[in-house]
Amino acid sequence: MSTKAKIQAPTGKLAVITPGMGAVSTTFMAGVISIRKGLAKPIGSLTQMGTIRLGKRTDNRNPLIKDFIPLTGLDDIVLGGWDIFEDNAYEAAVNAGVLDRYLLEQIKDELEQIKPMKAVFDQKYVKNISGPNVKKGATKMELAEAVIEDIRRFKEENGCDRAVMVWCGSTEIYIKEGEVHSSIEKLEEGLRNNHPDIAPSMIYAYAAIKMGIPYANGAPNLSCDVDAMVELAKQTGSPIAGKDFKTGQTLMKTILAPGLKARSLGINGWFSTNILGNRDGEVLDDPDNFKTKEVSKLGVLEDILEPELHPDLYKDLYHKVRINYYPPRGDDKEGWDNIDISGWLGYKMQIKVDFLCKDSILAAPLVLDLALFLDLAARAGMKGGIQEWLSFYLKSPQAAKGLKPQHDIFVQLMKLKNTLRYLQGEDLITNLGLDYYD
């Protein structure tokens, strides 16, 4: 048994603030309020409904995670955010069309109190949408300073002791990591000089991390996953996690691919296509924005299957991803996969998956869990920087320089729970089954 970490108690209020108050964010906000009022259950949230085994199986110690580790309670969360549209959270939730009006009417008063701050936005990075509720500034550094001031004011006006930022905005155009992202000094110079490779999401990330506020990136944008941001996060003690919420089709890949690999079954091809009609789908209808999402989705299988170690099984895998904007579906996304596999003696087989999911319903609990766990990391003094143990929630997880990210969802979950055990001084679970030999 290890030494228990010193974790500051989650006293006072925690601000959970989201750049973007569209379908994902308002579904998250409405969910938190509904759960607080006893109108619904936090299904899909590991922090609220998940359990954790402690000690030997025969000990029968399986508490809820929220009872085991000192997490902020839902009653102590204050919700806020930024958006390019002026709609309050109730109006935005109605427009998003994810949640039924019967539920929304029961929490209308609370949602109407959540009004978006003016957003940092530039249509060069998100081409298919625009809105009036946008900040003005001569430089990107001025915009970052305006976000910092927003956060300070929000915390003060709402009596918050701590804050966490979770990006819930749109997918931006594809940007490669470059020289401007290589150090804090170069990044700050780029902010002052309006460098084109610093998108709005990175301005938000800089503002949060500069303040020592934990930051999670729920989109595939280049945001906190650059050397400058990691360096800054370590300096300010800001825990960071990125990127891209693992929700529909990629969630299924990280469940299925490890199982096929575990049985040493070959995979010859994996064709994936999606249709969705929400704001995210509209944004991704532009090829430059789709490129960002495509890169995030394509890396999953290669990292799980490790074709360099298993050339006979995966060397020639053909992996194709498509996303199609289809307005009639709204937030009801359909992810269709065709998987061509091979078994004993190379004989061919197929698997078909048709996942008719609600994208924001799957993403909302991830916003909550990331916020609560990042706040825990800050209170536990986990030194700031990349929180690899939160890879469980992300399509394209950040990893330390030179290391491949872990995509296998079962390995990710073991790492997350072992981190919690370690913080509380409990034995780590290896599943060796040595209790048979006691």
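Listing for the model above:
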item	result
Matching option when the condition is under 21 Å from ALA30 (Cα atoms) and either at pLDDT below 95 or within 13 Å of the chain's Cα centre (by Cα) (or both), among ASP375, ASP359	ASP359
Test: MET229 is at pLDDT 95 or above, crowded, with 24+ Cβ neighbours inside 10 Å, of a type in the set (A, V, I, L, M, F, W, C) and closer than 18 Å to ALA119 by Cα	no
In segment 233-275, the residues that are of a type in the set (S, T, N, Q), at pLDDT 95 or above and within 30 Å of GLY212 (Cα to Cα)	GLN235, THR236, SER238
Subset of segment 164-184 [touching a Lys or Arg at 6+ places or on another chain (Cβ under 6 Å) and modelled with pLDDT of 95 or more]	VAL180
Output for segment 40-72, where each listed residue is aliphatic (A, V, I, L, M), outside any helix (DSSP H, G or I) and open to solvent by 70 Å² or more (accessible area, probe 1.4 Å)	ILE43
Candidates GLY384, GLY335, GLY346 - the one that is in contact with a helix residue (DSSP H, G or I) (Cβ under 9 Å, 6 or more places away or on another chain), in contact (Cβ under 8 Å) with a residue 40 or more places away in the chain and on the phi > 0 side of the Ramachandran plot	GLY384
Condition check for LYS291: touching a strand residue (DSSP E or B) at 6+ places or on another chain (Cβ under 7 Å) and either assigned to a strand (DSSP E or B) or within 30 Å of PHE121 (Cα to Cα) (or both)	no
Members of segment 321-335 found to be outside any loop (DSSP other than H, G, I, E, B), open to solvent by less than 90 Å² (accessible area, probe 1.4 Å) and not polar (S, T, N, Q), listed by number	VAL321, ILE323, TYR325, PRO327, ARG329, ASP332, LYS333, GLU334, GLY335
Every residue from segment 311-320 that is in contact (Cβ under 8 Å) with a residue 24 or more places away in the chain and open to solvent by 60 Å² or more (accessible area, probe 1.4 Å)	ASP312, ASP316, TYR318
Among (1) touching a Gly at 6+ places or on another chain (Cβ under 9 Å); (2) outside any helix (DSSP H, G or I); (3) open to solvent by 20 Å² or more (accessible area, probe 1.4 Å) - the single one LYS417 does not satisfy	(2)
Residue within segment 293-301 that is more than 21 Å from LEU394 (Cβ to Cβ), touching a residue at least 24 places away in the same chain (Cβ under 8 Å) and open to solvent by 10 Å² or more (accessible area, probe 1.4 Å) present	no
Where a residue in segment 351-369 is free of Cβ contacts under 8 Å to residues at least 24 places away in the same chain and its partner, wherever it lies, is open to solvent by 50 Å² or more (accessible area, probe 1.4 Å) and not small (Gly, Ala, Ser), with Cβ under 6 Å and at least six apart	ASP354/TRP336
Qualifying residues in segment 125-183 (those that are of a type in the set (A, V, I, L, M) and closer than 21 Å to GLN113 by Cα) - the one surrounded by the most Cβ atoms within 10 Å (Cβ to Cβ)	MET165
From PRO200, PRO220, PRO214, residue being touching a residue at least 24 places away in the same chain (Cβ under 8 Å), crowded, with 18+ Cβ neighbours inside 10 Å and either more than 20 Å from the chain's Cα centre (by Cα) or within 30 Å of GLU306 (Cα to Cα) (or both)	PRO220
SER34, sole failed condition from (1) surrounded by fewer than 23 Cβ atoms within 10 Å (Cβ to Cβ); (2) under 26 Å from SER391 (Cα atoms)	(2)
Meets criteria (under 22 Å from the mean Cα position of the chain (by Cα), more than 28 Å from TYR206 (Cα to Cα) and touching a residue at least 12 places away in the same chain (Cβ under 8 Å)) for ILE43	yes
Failed item, numbered, when GLU91 is tested on (1) open to solvent by 70 Å² or more (accessible area, probe 1.4 Å); (2) farther than 17 Å from VAL24 by Cβ	(2)
Boolean, ILE341 is β-branched (Val, Ile, Thr), touching a strand residue (DSSP E or B) at 6+ places or on another chain (Cβ under 8 Å) and open to solvent by less than 80 Å² (accessible area, probe 1.4 Å)	yes
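The values are calculated or read from the model by the stated rules, or taken from the named source; none is laboratory data. What you see is a predicted model, and the numbers here were worked out from it, not measured in a lab. All Cβ positions, glycine included, derive from the backbone under ideal geometry; neighbour counts span all protein chains shown. Surface accessibility is based on the protein's heavy atoms, side chains included, excluding ligands, DNA and RNA. Shrake-Rupley method; radii C 1.70, N 1.55, O 1.52, S 1.80 Å.
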